[in-house]
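These notes are about the structure you will find just below.
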């Protein structure tokens, strides 16, 4: 079993996130190789069609030279981008989006205080690692309360669970936001060739602008989620709580529904999860997009449901083991009783015989 010191430096979501980032990066690279040639062919066809239509419109005096020159500049820029980036276009857009998200959100953690940079990780994975480390102090306090529980102190078990649940959901919700941010960066990279191609033509520049706004909104959503987590941790760190000193009267004083500090910590935990949802609305309002928390909500509900299911099954197994142990105890007791009774009866039957009853 891992000791508390090891748990403080353990990132439970980092390895899955690292694997997920590797998969998305590999997917983006392969998709770039697959889409590059078809996109160049489609762009060449649309550029040729534009030349024909522009010539007809110019001959019919339905357009002006300045409009054609402006469109030609956009088409030239797009052609250079599609040609120069070659098969690395999607990968480049994906990597840039992930770097911007990670760098902008990581700056918020410095405000929370007491949050150290995770060693061995960078980018969005480092954000998830820092998110777990940030709430470890609360988990330590809950562990101290739980260990103080007993048959005559059942309230400590309830206080520990009440304290852990909001911060467990906070970590899961934030990790879900990181996963969704990685997926959004992947999809923006996937759509990048289409958006660059649409940018070349007048009818598609609105699509390119919408893609840029979506990227901005994705960055703002993760930034707002990080700010909500940092605000929660900042509030916890401002309280004078030392998990190592929680014992005896001090623990009983802290783990109480009448203790303002306990209530503040509990409130901050639930508030952090709620504000992550509000951050998405704010990002949509600023960028004029329509991003939702549906994916993050499904991930949070799924992880929480799995944890509750595992807890339920472990309790069932413990109950079955306890029932089996009780049955074995009854059978052993019954067998021992029968054996003792038979021995006692034998002694009584042979008590008058020479050597009997001894």
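The values are calculated or read from the model by the stated rules, or taken from the named source; none is laboratory data. What you are looking at is a predicted structure, and each value in this text was computed from that prediction instead of being measured. Glycine also receives a Cβ, built like all others from the backbone with ideal geometry; neighbour counts cover every protein chain displayed.
Taking the condition without any contact (Cβ under 8 Å) to a residue 60 or more places away in the chain and assigned to a helix (DSSP H, G or I), does residue 198 pass? It is true that residue 198 is without any contact (Cβ under 8 Å) to a residue 60 or more places away in the chain and assigned to a helix (DSSP H, G or I). Of the helices (runs of 4 or more DSSP H) lying entirely inside the range 1-118, the ones with 3 or more residues being under 30 Å from residue 233 (Cα atoms) and modelled with pLDDT of 80 or more are found at 14-59, 89-112.
A Cβ distance below 8 Å, combined with a sequence gap of six or more or placement on separate chains, defines the contacts here; from the range 31-43, residues that are touching a residue at least 60 places away in the same chain (Cβ under 8 Å) reach residues that are surrounded by fewer than 14 Cβ atoms within 10 Å (Cβ to Cβ) and in a helix (DSSP H, G or I) in the pairs 36/86.
Only one entry in 171, 221, 165, 138 is over 24 Å from residue 294 (Cβ atoms) and either modelled with pLDDT under 85 or in a helix (DSSP H, G or I) (or both), namely 138.
What do you reckon, is residue 188 touching a helix residue (DSSP H, G or I) at 6+ places or on another chain (Cβ under 7 Å), under 27 Å from residue 260 (Cβ atoms) and crowded, with 18+ Cβ neighbours inside 10 Å? Reasoning before the result, please.
On the way: touching a helix residue (DSSP H, G or I) at 6+ places or on another chain (Cβ under 7 Å): yes; under 27 Å from residue 260 (Cβ atoms): no; crowded, with 18+ Cβ neighbours inside 10 Å: yes.
Spelling it out, it is not the case that residue 188 is touching a helix residue (DSSP H, G or I) at 6+ places or on another chain (Cβ under 7 Å), under 27 Å from residue 260 (Cβ atoms) and crowded, with 18+ Cβ neighbours inside 10 Å.
From the list 274, 318, 307, 301, the one residue that fits, being out of contact with any helix residue (DSSP H, G or I) (no Cβ under 6 Å at 6 or more places or on another chain), modelled with pLDDT of 80 or more and either within 30 Å of residue 182 (Cα to Cα) or part of a helix (DSSP H, G or I) (or both), is 274.
Restricting 256, 281 to those that are over 25 Å from residue 300 (Cβ atoms) and surrounded by fewer than 20 Cβ atoms within 10 Å (Cβ to Cβ) reduces the list to 256.
Return yes when residue 47 is buried (at least 16 other Cβ atoms within 10 Å of the Cβ) and closer than 30 Å to residue 129 by Cβ and no when it is not. So residue 47 does not fit the description; no. If only residues of the range 284-298 that are outside any helix (DSSP H, G or I) and touching a residue at least 60 places away in the same chain (Cβ under 8 Å) are counted, the one that is surrounded by the fewest Cβ atoms within 10 Å (Cβ to Cβ) is 288.
Answer yes if at least one residue in the range 207-215 is closer than 29 Å to residue 90 by Cα and under 20 Å from the mean Cα position of the chain (by Cα), and no otherwise.
Our first condition is that a residue be closer than 29 Å to residue 90 by Cα; within the range 207-215, this holds for 207-215.
Filter once more, so that each one left must be under 20 Å from the mean Cα position of the chain (by Cα): 215.
Yes, the conditions are met somewhere in the range 207-215.
Of all the residues that make up the range 44-82, how many are free of Cβ contacts under 8 Å to residues at least 60 places away in the same chain and either more than 47 Å from the chain's Cα centre (by Cα) or within 23 Å of residue 209 (Cβ to Cβ) (or both)? Outline the logic, then answer.
Initially, the range 44-82 is screened for residues free of Cβ contacts under 8 Å to residues at least 60 places away in the same chain, giving 44-45, 48-49, 51-70, 72-73, 76, 80.
Now narrow it down to the ones that are either more than 47 Å from the chain's Cα centre (by Cα) or within 23 Å of residue 209 (Cβ to Cβ) (or both): 49, 51-70, 72-73, 76, 80.
Going through the range 44-82 one residue at a time, the tally reaches 25.
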